[in-house]
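The values are calculated or read from the model by the stated rules, or taken from the named source; none is laboratory data. Being a predicted model, the structure only gives us computed values, none of them experimental. Neighbour counts run over all protein chains shown; Cβ positions are idealised from the backbone, glycine included. Remember, those area values only see protein heavy atoms, side chains included, never the ligands or the DNA or RNA. Shrake-Rupley method; radii C 1.70, N 1.55, O 1.52, S 1.80 Å.
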Amino acid sequence: MFGKVLIANRGEIALRVHRACQEMGIRTVAVHSTADATAMHVRLADESVCIGPPAARDSYLNIPALLSAATITGADAIHPGYGFLSENARFAEMVEAHGMTFIGPTADHIRIMGDKIAAKTAMKSLGVPLVPGSDGALNSLEEAEAVANIIKYPVLIKAAAGGGGRGMKVARGPEELEEAWRVARAEAKAAFGDDAVYMEKYLDRPRHIEMQVMADTHGNVVHFGERDCSLQRRHQKLVEEAGSPVLTAAERDALGATVTAGLAKLGYRGAGTLEFLWQDGQFAFIEMNTRLQVEHPVTEMVCGVDLVKEQIRVAAGQKLGYEQKDIQFSGHAIECRITAEDPETFAPNPGKVSTYHAPGGLGVRVDSALYSGYSVPPHYDSLVAKLIVHAPTRSEAIARMRRSLDEMVVAGIKTTLPLHMRIMDDPEFQAGDYTIHWLERFVAKQ
Ligand code: MV4
């Protein structure tokens, strides 16, 4: 097992990784920008290294500074958290080239899944269901027209290097195809330096349901069930739940079995998430994330597992100590992402938190690096706390979330706390009756 891990991240996720290391007897190295010198992750880590000025590209994305910090502190491994360098294949390679372990998948697997066409081709060969679409990249407008005529409109043109909604254009009929083709390619080129695009049938009212997997280096792969992440606005998730309100245990088992068998064939290692669109009872794979995700705690609560410890164990070469049949799903978990934003306009609202009080009690978990007197810096994403609740049933989890939101105090800055309370109070949310479009409409009618 590792003696010392460098945590290449900040905020709540740096703290999350530190806590797992601490309980495993592993020493931690925090890195921070000059804007984060007084951050909680720096205070709690065994050692800390300043890696640069506030801008992420000069600090948390600064590979030479991170490798230097890891080398001078004698770290054995680097945990990238989420965001920043967590899905950067070059970084994974360089960590390994410096004689340290990257706590994540191999650079090759990160690279395959970073190319959405390669990811779909791999999943198709492994028997994972896909959205109907082009077989690989589209080479010409004529080819796009031919595929659209087969799969029928509406269609979507997506960037191979995309993800997270960038470089995506809908064509509702043949008259819109040329424009969608041109704009999608131009946006892909500008955003990613790569104009490769592919086509999918456009699903008009899907849910976003994702499967959590974990693989060791001995060929064992398990899944920890699904999360429903449909409640999002502009590709930012606000609320996630495990399990999905629409899935039966049999449907979960069936999809889980397909996915784990596929990843075992691929030789995947580490944590991963397969993203699916779900509509009319059908699953269709769209993308795979090769990192720990923000919303991983809801899975931890229903499975009783520490996913960060599992990541560290498999990165150190240990076998998963259990099989799929040992993983039991208990109750329901919900996460609210509390951000430092105006709850109506979503304008970022960084600044000093005069009072912070976290809720507590049975089944309540808060993952946050906040403290009273902390100043939320303007340089990074606006997530300030994840409030996670776990209860025997979904309706009890909603009641527990309402009670916890009511107890929680983040004073001095605007936060999305009031919006979360309104979501919990909504009859459609309470019925589990929502798609990926639900929240944008909910916010617009307030
Ligand atoms: C889609 C889709 C409808 N049909 N693909 C958006 C981001 C990227 N991860 C995939 N996305 C979508 N792909 C087909 N064939 C709708 C979306 C989509 C979406 C997906 C998941 C969560 C939120 C979303 C918001 C808008 C669009």
Kindly check whether there is at least one residue in the stretch 338-346 that is touching a Ser or Thr at 6+ places or on another chain (Cβ under 9 Å), modelled with pLDDT of 95 or more and within 16 Å of the ligand (Cβ to nearest atom).
yes
Look at the stretch 23-61 and say how many of its residues are without any contact (Cβ under 8 Å) to a residue 12 or more places away in the chain and under 21 Å from Tyr371 (Cα atoms).
1
Looking at the stretch 186-227 only, could you name the residues that are more than 18 Å from Val305 (Cα to Cα), in contact with a strand residue (DSSP E or B) (Cβ under 7 Å, 6 or more places away or on another chain) and in contact (Cβ under 8 Å) with a residue 60 or more places away in the chain?
Ala196, Val197, Tyr198, Met199, Glu200, Lys201, Leu203, Arg205, Pro206, Arg207, His208, Ile209
Hey, any hits in the stretch 122-133 for a residue that's free of Cβ contacts under 8 Å to residues at least 24 places away in the same chain and in contact with a Leu (Cβ under 7 Å, 6 or more places away or on another chain)?
yes
Can you list residue pairs whose Cβ atoms sit under 6 Å apart, with the first residue in the stretch 269-283 being in contact (Cβ under 8 Å) with a residue 60 or more places away in the chain and under 15 Å from Ser230 (Cα atoms) and the second being within 15 Å of the ligand (Cβ to nearest atom) and open to solvent by 30 Å² or more (accessible area, probe 1.4 Å)? Count only pairs 6 or more apart in sequence or on different chains.
Phe276/Phe283; Leu277/Leu203; Gln279/Leu203; Phe283/Pro129
Please go through the stretch 314-329 and pick out each residue that is within 22 Å of the chain's Cα centre (by Cα) and either of a type in the set (Gly, Ala, Ser) or surrounded by 21 or more Cβ atoms within 10 Å (Cβ to Cβ) (or both).
Val314, Ala315
Does Asp204 count as at pLDDT below 95 and more than 30 Å from Ile78 (Cβ to Cβ)?
no
Looking at the stretch 271-278, is at least one residue under 21 Å from Gly304 (Cα atoms) and either within 14 Å of the ligand (Cβ to nearest atom) or open to solvent by 50 Å² or more (accessible area, probe 1.4 Å) (or both)?
yes
Go through (1) buried (at least 16 other Cβ atoms within 10 Å of the Cβ); (2) free of Cβ contacts under 8 Å to residues at least 24 places away in the same chain for Lys116 and report which single condition fails.
(2)
Single unsatisfied condition, Gly127 versus (1) within 23 Å of the chain's Cα centre (by Cα); (2) open to solvent by 20 Å² or more (accessible area, probe 1.4 Å); (3) on the phi > 0 side of the Ramachandran plot
(1)
With the structure loaded, tell me whether Arg313 is more than 25 Å from Ile423 (Cβ to Cβ) and either in a loop (DSSP other than H, G, I, E, B) or at pLDDT below 95 (or both) or whether it fails that test.
no
Complete set of residues in the stretch 424-446 that are in a helix (DSSP H, G or I), more than 16 Å from the ligand (Cβ to nearest atom) and open to solvent by less than 80 Å² (accessible area, probe 1.4 Å):
Met424, Asp425, Phe429
For the condition of a type in the set (Asp, Glu), over 22 Å from the mean Cα position of the chain (by Cα) and open to solvent by less than 40 Å² (accessible area, probe 1.4 Å), what is the one hit in Asp58, Asp36?
Asp36
Across the stretch 140-183, which residue is farthest from the ligand (Cβ to nearest atom) among those that are among the charged types (D, E, K, R) and in a strand (DSSP E or B)?
Lys169
Grab the strands (runs of 3 or more DSSP E) fully contained in the stretch 184-261, keeping just those with 2 or more residues being within 13 Å of the ligand (Cβ to nearest atom) and closer than 15 Å to Glu275 by Cα.
207-215, 221-233, 236-242
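Residue-wise test of (1) in a loop (DSSP other than H, G, I, E, B); (2) surrounded by 16 or more Cβ atoms within 10 Å (Cβ to Cβ).
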residue: Pro343; (1), (2): yes, yes
residue: Gly361; (1), (2): yes, no
residue: Arg365; (1), (2): no, yes
residue: Tyr371; (1), (2): yes, no
residue: Tyr380; (1), (2): yes, yes
residue: Val384; (1), (2): no, yes
residue: Val389; (1), (2): no, yes
